[in-house]
Amino acid sequence: MRACSNLSWQVPDVSLIGSTSNFNLSGGEGGSEAITITVAVSVIVLLGFCCCWFWCTFRAGKPCCCWSCGCCWCSCTFRAGLPSNDRPKKNTAFVFAKPHANTPAVLEVIRTKFAEQGIKVLKEGVVTGEEMKSKGVHDQHYYVVEFDPATLSWADFRGKVLGPTNPADAPPDSLRGIVAANWQKLGLQAPCDDSDNAVHASASPFESLAERTNWLACCVSDDPFGSALLAKGVPEATIKKWFNDPHVKYDDETAKEKGKAKGSIFDALKDLDHKQCLDRLD
């Protein structure tokens, strides 16, 4: 659906209204007809603005500036952007503060960093000791976060916001870089290394889905990426088999990228955004 594509904004030909000499404000036939047409045109334009405002507000999710700028097309196109069905889907990741770094100060650093980067925390919580034992979870404090791939790719989320696996290689302003440089001030008992590196995050939208269904008992159909896979025609049983990260034969593009014909599903999807990850899973 294109914004306001069903509305016409062309002004009626002047000849339809007649020349100014035909306007008779005292109620003559010519003046009455011209006034009727003018009122009708005004009502149509007003209804058009109302339709545009409704689309921008309830379909595109952004207030419309039609009333101030008087330009419906510009408002819908440049403020609301693409219709909701055509806009890129947001990435949803699963993040853990690792046990050695699970201190109030570190958790505050994580929240602050997410806010600075425009990363929205959808859910935050703690996995209990019993759940950690039964589900094989090694980390305790978790976040489910969402971010827009148009402004932050998955690769940059992991590489720049979290930082590389080895904190020694992490950018100073990344989470792993910050925690590694200030570990004593942040309440850690020992320096960070490539194992105790402060935080964990999913490597792809699919890995995030697998982690959330495992550790948070989410249903595949209730998850944005899971429901997209189901809508694409991938059976839920197949999706759950893929959660075990089997080795599979890669398509030509993936094989060229990875330099091998077969490998891990998780590895094939690493650092892909929502749409690219979905496209690769056939």
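Apply the Karplus parameterisation 6.51 cos²θ - 1.76 cosθ + 1.60, with θ equal to phi minus 60°, to every residue of region 185-192 and state each ³J(HN,Hα) to the nearest whole Hz, in sequence, with x for glycine and proline.
Karplus values, whole Hz, x for Gly and Pro: 4, 8, x, 7, 8, 8, x, 7.
Give me the distance in nm between label points sitting 7 Å out from Cα along the Cα-to-Cβ direction at ASP194 and GLU146, one decimal.
Once both label points are built, they end up 3.6 nm from each other.
Quick query: amide H of ASP273 versus all other amide H atoms, modeled in the peptide plane; which residues come in under 5 Å with a sequence gap of 5 or more or a different chain?
When sequence neighbours closer than 5 places are left aside, the close amide H contacts are TRP154.
For each pair in LYS89/LYS123; LYS232/LYS275; LYS98/LYS240; LYS123/LYS275, compute the distance between the two Cα atoms and list the pairs where it is over 20 Å.
LYS98/LYS240; LYS123/LYS275
Which FRET efficiency value, to the nearest 0.05, is calculated for ASP245 and LEU47 with the Förster distance at 51 angstrom and r the Cβ-Cβ distance? Before the final figure, lay out each step's value.
Details: r = 55 Å, r/R0 = 1.08.
After rounding, the FRET efficiency stands at 0.40.
Roughly speaking, what is the stretch gain from LYS260 to THR112, that is 0.36 nm per residue apart minus the C-alpha to C-alpha distance, in nm to one decimal?
Details: separation 148, 0.36 × 148 = 53.28 nm, distance 3.99 nm.
Net length gain for the segment: 49.3 nm.
I need the trypsin sites (Lys or Arg not before Pro) found in region 248-282, filtered to DSSP loop residues with at most 14 other beta carbons within 10 Å of theirs. Please report the intermediate quantities before stating the final value.
Working: sites: LYS249, LYS256, LYS258, LYS260, LYS262, LYS270, LYS275, ARG280; in loops: LYS260, LYS270.
Filter output for region 248-282: LYS260.
Starting from the Cα-Cα distance between THR165 and LYS123, subtract it from 0.36 nm times their residue separation and give me the gain in nm to one decimal.
Values: separation 42, 0.36 × 42 = 15.12 nm, distance 2.41 nm.
Contour length minus Cα-Cα distance gives 12.7 nm.
Throughout, read-outs are computed from the coordinates displayed, never taken from laboratory work. Source: prediction; values computed, not measured. Neighbour counts run over all protein chains shown; Cβ positions are idealised from the backbone, glycine included.
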